[in-house]
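I have placed the structure first, in the form of structure tokens, so that the comments after it can refer back to it.
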Amino acid sequence: MKRLCSILFLTSLSLCLSAAEAPFPGKLSQWNGYDRYDFQVDGKNVLVVTPQQAAPGKPWVWHGEFFGHKPAPDIALLGKGFHIVYLSVPNMLGCPEAVGHWNKLYAELTVKYGFAKRAALVGLSRGGLYCYNWASANPEKVACIYGDAPVCDFKSWPGGKGKGKGSKGDWALTLKVYKFSDEAEALAYKGNPVDSLPSLAKAKVPLPMSRPGLALRGGFSSSV
């Protein structure tokens with residue numbers, strides 16, 4: 001009986017220690033050899049991939065969309081001690097409500113987990129709407145924004161009002177999530193990334209970008 005009690009005690013102690021040592025809550029899995037944690041913040045799914053050894057100040061990279069699409073840069077940054085973060089708010093296209101969810105996650109990671117006060121943002125295609133819109137609302141919280149053919153104007157994509165072909169379904173979704181009363185109100189909107197880029201530049205937020213010609217036309221249609 002004493003032996004059984006000892007085994008149960010040691011097992012419970014081991015579980016408690018494991019829980020205490022876990023840097024994040026939720027499900028633990030592996031991503032390219034690094035620990036990945038999946039949990040929720042503000043009712044939305046979050047994933048954090050942790051480096052083997054965090055760099056001083058806990059720098060981090062935050063993806064607007066399509067986490068894992070181009071893993072090589074993230075893997076390299078993990079090796080340098082960066083955390084990799086993604087908040088799943090799909091089909092919100094960077095609308096004010098989505099920015100609100102981003103604000104909640106930022107507060108959680110910086111206050112509770114000690115992440116750096118400035119995040120490096122990665123906006124791939126439609127992910128650009130999330131990154132640039134959140135950055136324009138919080139320029140002091142941004143280390144830099146890397147845009148990979150980012151959508152910078154929803155009038156172009158998904159609206160199809162410029163040279164891009166657009167997306168009828170996603171344009172209807174845009175009107176809905178931004179709570180526009182009609183298309184005319186959407187077309188008159190002045191809160192797109194193209195409208196806020198000058199203010200970000202004034203705030204001296206670094207804005208490296210690949211394929212910038214595509215960016216201002218709304219991104220590339222194959223993966224938006």
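The values are calculated or read from the model by the stated rules, or taken from the named source; none is laboratory data. Being a predicted model, the structure only gives us computed values, none of them experimental. Note: ideal-geometry Cβ built from the backbone for every residue, glycine included; neighbour counts use all protein chains shown.
With respect to Ala135, is the statement that it is within 13 Å of the chain's Cα centre (by Cα) and either farther than 28 Å from Ala201 by Cα or not in a strand (DSSP E or B) (or both) true?
Working: within 13 Å of the chain's Cα centre (by Cα): yes; either farther than 28 Å from Ala201 by Cα or not in a strand (DSSP E or B) (or both): yes.
Spelling it out, Ala135 is indeed within 13 Å of the chain's Cα centre (by Cα) and either farther than 28 Å from Ala201 by Cα or not in a strand (DSSP E or B) (or both).
Of all residues being of a type in the set (D, E, K, R) and surrounded by 14 or more Cβ atoms within 10 Å (Cβ to Cβ) in region 22-69, which is nearest to the chain's Cα centre (by Cα)? Just the residue, please. That would be Glu65. Residues that are in contact (Cβ under 8 Å) with a residue 12 or more places away in the chain and acidic (Asp, Glu) were ranked within region 146-182; the one that is nearest to His69 (Cα to Cα) is Asp148.
Can you pull out the residues in region 99-115 that are among the hydrophobic types (A, V, I, L, M, F, W, C) and out of contact with any Leu (no Cβ under 8 Å at 6 or more places or on another chain)?
Within region 99-115, the first condition is being among the hydrophobic types (A, V, I, L, M, F, W, C), and the residues that meet it are 99, 102, 105, 107, 109, 111, 115.
Val99, Ala107, Leu109, Val111 - these are the residues of region 99-115 that are among the hydrophobic types (A, V, I, L, M, F, W, C) and out of contact with any Leu (no Cβ under 8 Å at 6 or more places or on another chain).
Among the residues of region 56-90, the ones that are in a loop (DSSP other than H, G, I, E, B), on the phi < 0 side of the Ramachandran plot and free of Cβ contacts under 8 Å to residues at least 60 places away in the same chain come to 6 in all. Would you mention how many residues in region 93-119 are on the phi < 0 side of the Ramachandran plot, surrounded by fewer than 20 Cβ atoms within 10 Å (Cβ to Cβ) and part of a loop (DSSP other than H, G, I, E, B)? Matching residues across region 93-119 total 4.
Examine region 120-128 for a residue that is of a type outside the set (Lys, Arg), touching a Lys or Arg at 6+ places or on another chain (Cβ under 6 Å) and assigned to a helix (DSSP H, G or I), and state whether such a residue exists.
Looking through region 120-128, none of the residues is of a type outside the set (Lys, Arg), touching a Lys or Arg at 6+ places or on another chain (Cβ under 6 Å) and assigned to a helix (DSSP H, G or I).
Among the residues of region 72-92, those identified as of a type in the set (A, V, I, L, M, F, W, C) and surrounded by fewer than 18 Cβ atoms within 10 Å (Cβ to Cβ) are Ala72, Ile75, Ala76. Being among the acidic types (Asp, Glu), over 30 Å from Phe82 (Cα atoms) and at pLDDT 95 or above: is that true of Asp195 here? The answer is no for Asp195.
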